[in-house]
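S.K.: Here's a structure for you.
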Amino acid sequence: MKWQEVLDDKSLQDIPYKIELNRWGQIVMSPAKNRHAMLQGRIAERLRALHPGGGVFPECAIDTSDNVKVADVVWLSPARCEKVKHEDVFSIAPEICVEVASPSNTAEEMMIKRDLYLERGAVEFWLCDEKGTMSFYNKDGKLPASLLVPGFPSKIEI
């Protein structure tokens with residue numbers, strides 16, 4: 001299956017799941033919990049307040065070497081936003097890609113997503129665990145804090 005087919009499929013329009021495609025074009029769905037959404041919202045709020053020069057968006061589809069993945073929260077510079085704003089699936093990753101881990105996610109899965117986003121041009125990958133603890137990464141590995149948004153907290157409170 002291709003991403004455009006997912007977008008055009010009326011039966012997938014109103015389901016309460018995050019949809020991604022795996023490398024074989026199969027749909028992967030993750031059910032959303034309210035805590036996940038609340039963490040996403042708080043991250044977006046903080047990111048927008050601390051790094052106002054670009055755009056902060058939820059649930060952005062990114063074309064990767066392992067098909068389409070959907071980052072929970074992203075930050076794009078105005079220049080990168082201009083390049084991708086008309087694309088149904090971003091051809092390049094936003095500068096910051098954030099994933100909020102769910103109970104169904106494995107650590108390996110999150111690190112694979114990290115690598116896929118960085119490979120596609122992300123500058124930083126952020127991971128929020130179920131308790132709100134943040135981890136920050138770039139192409140060189142784990143960071144003690146975000147280099148792009150140095151004041152971003154290491155813990156998100158709901």
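Where a number appears in this text, it was derived from the coordinates with a stated rule and is not lab data. What you see is a predicted model; the values in this text were computed from it and never measured. Cβ: placed from backbone, ideal geometry, glycine included. Neighbour counts: every protein chain shown.
S.K.: For the subset of region 98-146 comprising residues that are of a type in the set (Gly, Ala, Ser) and not in a loop (DSSP other than H, G, I, E, B), which member is nearest to HIS51 (Cα to Cα)?
M.R.: It comes out as SER135.
S.K.: Of the residues VAL74, VAL149, VAL56, which single one is part of a strand (DSSP E or B), of a type outside the set (D, E, K, R) and either farther than 30 Å from GLN26 by Cβ or touching a helix residue (DSSP H, G or I) at 6+ places or on another chain (Cβ under 8 Å) (or both)? Don't jump to the end; show me each part of the working.
M.R.: Values: VAL74 fails: either farther than 30 Å from GLN26 by Cβ or touching a helix residue (DSSP H, G or I) at 6+ places or on another chain (Cβ under 8 Å) (or both); VAL149 fails: part of a strand (DSSP E or B).
Within the list VAL74, VAL149, VAL56, the selection yields VAL56.
S.K.: Scan ALA44, ALA93, ALA61 and give me the residue that is surrounded by 15 or more Cβ atoms within 10 Å (Cβ to Cβ), of a type in the set (A, V, I, L, M) and assigned to a strand (DSSP E or B).
M.R.: Selected residue: ALA61, the only one of ALA44, ALA93, ALA61 that is surrounded by 15 or more Cβ atoms within 10 Å (Cβ to Cβ), of a type in the set (A, V, I, L, M) and assigned to a strand (DSSP E or B).
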